[in-house]
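The values are calculated or read from the model by the stated rules, or taken from the named source; none is laboratory data. Everything numeric here is computed off the predicted structure, so don't read it as measured data. Backbone-built Cβ (ideal geometry, glycine too); neighbour counts: all protein chains shown. Ligands, DNA and RNA are excluded from the accessible area calculation, which covers all protein heavy atoms including side chains. Shrake-Rupley method; radii C 1.70, N 1.55, O 1.52, S 1.80 Å.
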Amino acid sequence: MTAFATWITQPENFFALVAALLVFATAVTLSGSSLRGDTLSKRMKQVANRREELRRKSREAMEREKSGSALRGKDTRGLFRRIVEGLNLQKLLEDPNLKTKLIQAGMRGQGPIFAFYFARFVAPFILFAAVALYLWTVNDFGLAGMQRLTAAMGAAVLGYYAPALYLSNIGARRRTSIMQAFPDALDLLLICVEAGMSIEAAFQKVASEIGASSIELAEELSQTTAELAFLQERRMAYENLAMRTGHPGVKSVATALIQAERYGTPLGQALRVMAKENRDMRMSAAEKKAAALPAKLTVPMIVFFLPVLFLVIGGPAMLNHQNL
C-alpha cells in the first residue's frame with residue numbers, strides 16, 4: 001500500500017494513469033453503441049410487465065371488493081426497503097418531487113425510490129471516509145488538520161447531492177431523446193388518426209415505428225396504450241404521459257387529446273398544429289445550442305489547441321537557436 005501510494009503521488013505516474021483512464025473512457029464511449037444490446041426489446045418487455053401489473057392490480061381491486069380484505073403473504077421486501085423503512089429515511093431525507101423525477105428518468109416502481117434514499121443516506125459516509133482516509137494516510141497535499149477535515153466534509157455534502165444530480169442528468173438525457181423524435185411521432189400519429197385508426201391503435205403503431213429513433217418515446221407511447229386500456233379514465237393516461245416526459249410540447253398534445261375526448265373536437269387539426277409547434281421548438285433548441293457553441297469552445301481551444309500551436313510554431317526556432 002505504501003509503495004502504491006509513493007508511486008501514485010509521483011506526477012508523471014499520476015498523469016499517465018489519468019491519461020489511461022481518459023483513453024479507456026473514450027474507447028468505451030465510441031464503442032458503446034455496438035456493445036449495447038437490443039435495448040428496444042428490453043424496454044418493450046418492461047412495458048409489457050407494466051401492462052401485466054396494471055391488469056393484476058385491477059384483478060386484486062376486484063377481489064378486495066368482493067372479499068373485503070386485502071391479500072396477505074410473506075414479507076418480500078428487499079434489503080434497501082427494509083433499511084429505509086427501519087431507519088425512517090423517507091421522512092428524514094424527504095424529497096416531495098422524487099417520484100416524478102424517477103418516472104421522468106424511466107425508473108418506475110417502489111424499488112428505485114428505496115434505492116435513492118439508501119444511496120442518499122450511505123453516499124455521504126462513504127465519500128467522507130474515503131477522502132479522510134486518503135488525506136490522512138496517503139497524501140495530505142500539505143493541508144492542515146482542519147483543512148483536511150473541511151475537505152472530507154465537503155465530500156460528504158457532495159455525496160448527499162450526488163444521487164439527485166445523477167437522477168437529474170438521466171432525466172435530462174431521456175427528455176432530450178424523447179423531444180428529438182416527438183415531432184416525427186406526431187406526424188405518424190396524425191396519419192394514423194386520419195386513416196381511421198382508433199387512438200389506442202394509433203399509439204401502438206407509432207410506438208412500434210418510432211423505436212428506431214427513440215426507444216424512450218416508444219416506451220412511453222406503449223405504456224400510454226396500456227393505461228388507456230386499463231385505467232378508469234382515459235384522461236389520466238394522457239396526464240400521465242405529460243407527467244412522465246415533463247416537456248411543454250407533450251403537455252400541449254396531452255391537453256389537446258383530453259379536450260378531444262371530452263368535447264368531441266377534431267383531433268386531426270389539433271395534431272397537425274401541435275406537430276408544427278413541436279418542430280419549431282426542436283429547431284429553436286438546435287439554434288440555441290449552435291449559438292452557444294463558440295462560447296463553449298473558447299476554453300478547450302485555449303487549453304488544448306493554443307499550447308500545441310505555440311509548440312509547433314516555436315519548437316523549430318528553439319531547436320535552431322540551441323544548435324547555433
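Heavy-atom accessible area, probed at 1.4 angstrom with all protein chains present, ranks I199, I126, I215 as I126, I215, I199, highest first. Evaluate the distance, in nm, between pseudo-label points positioned 7 Å from the Cα of T100 and of S208 along their respective Cα→Cβ axes. The answer from the label model is 3.5 nm. Here the stretch 114-266 yields Rg over Rh of 1.26, to two decimals, using C-alpha coordinates and the Kirkwood radius. Residues in the stretch 146-264 average 47 Å² of solvent-accessible surface per residue, probe 1.4 Å, ligands and nucleic acids excluded. Coupling constants for the stretch 106-111 follow from the phi torsions by the Karplus curve (6.51 cos²θ - 1.76 cosθ + 1.60, θ = phi - 60°), and in residue order they are x, 10, 10, x, 7, x Hz; glycine and proline get x. Heavy-atom accessible area for K296, with the other protein chains in place and a 1.4 Å probe, reaches approximately 130 Å². Computed over protein heavy atoms with a 1.4 angstrom probe, the accessible surface ordering of V206, V157, largest first, is V157, V206. Across the stretch 202-215, rounded Karplus estimates of 3J(HN,Hα) from the backbone phi angles (6.51 cos²θ - 1.76 cosθ + 1.60, θ = phi - 60°) give 5, 4, 5, 5, 5, 4, 6, 8, 8, x, 5, 8, 8, 5 Hz, Gly and Pro being marked x. Translational diffusion coefficient of the stretch 202-244 (Stokes-Einstein, Kirkwood radius from Cα pairs, 4 °C, 1.567 mPa s): 126 µm²/s.
Tell me the carbon and sulfur percent of the accessible area for the stretch 117-211, rounded to whole percent, probe radius 1.4 Å. On the stretch 117-211, the fraction of accessible area on carbon and sulfur atoms equals 69 percent. Which of the pairs K205/K289; K99/K288; K251/K288 have their Cα atoms more than 27 Å apart in this structure? Cα-Cα > 27 Å for K205/K289; K99/K288; rest within.
Summarising the label geometry, the points placed 7 Å from Cα in the beta-carbon direction at L309 and F141 lie 3.2 nm from one another. Per residue, the Cα convex hull of the stretch 205-300 amounts to 118 Å³. Here the Karplus curve 6.51 cos²θ - 1.76 cosθ + 1.60, taken at θ = phi - 60°, turns the phi angles of the stretch 269-285 into couplings of 5, 5, 5, 5, 5, 5, 5, 5, 4, 5, 5, 5, 5, 5, 5, 5, 5 Hz, with x standing for Gly and Pro.
All Cα-Cα distances of the stretch 224-269, cut into 5 Å bins from zero to the largest, leave 5, 25, 27, 26, 15, 2 percent in each bin in turn.
Per-residue surface analysis assigns R262 an accessible area of about 150 Å², computed on protein heavy atoms at 1.4 Å probe radius.
The distance linking the stretch 170-222 with the stretch 131-163 is 47 Å (Cα centroid to Cα centroid, whole angstrom). About its Cα centre, the dipole of the stretch 127-236 is roughly 520 debye, where the only charges are +1 on Lys and Arg Cβ and -1 on Asp and Glu Cβ. Taking amide H positions as placed 1.01 Å from N in the peptide plane, with prolines and chain starts having none, which residues 5 or more places from G246, or on another chain, fall under 5 Å of its amide H? Hits under the 5 Å cutoff: none.
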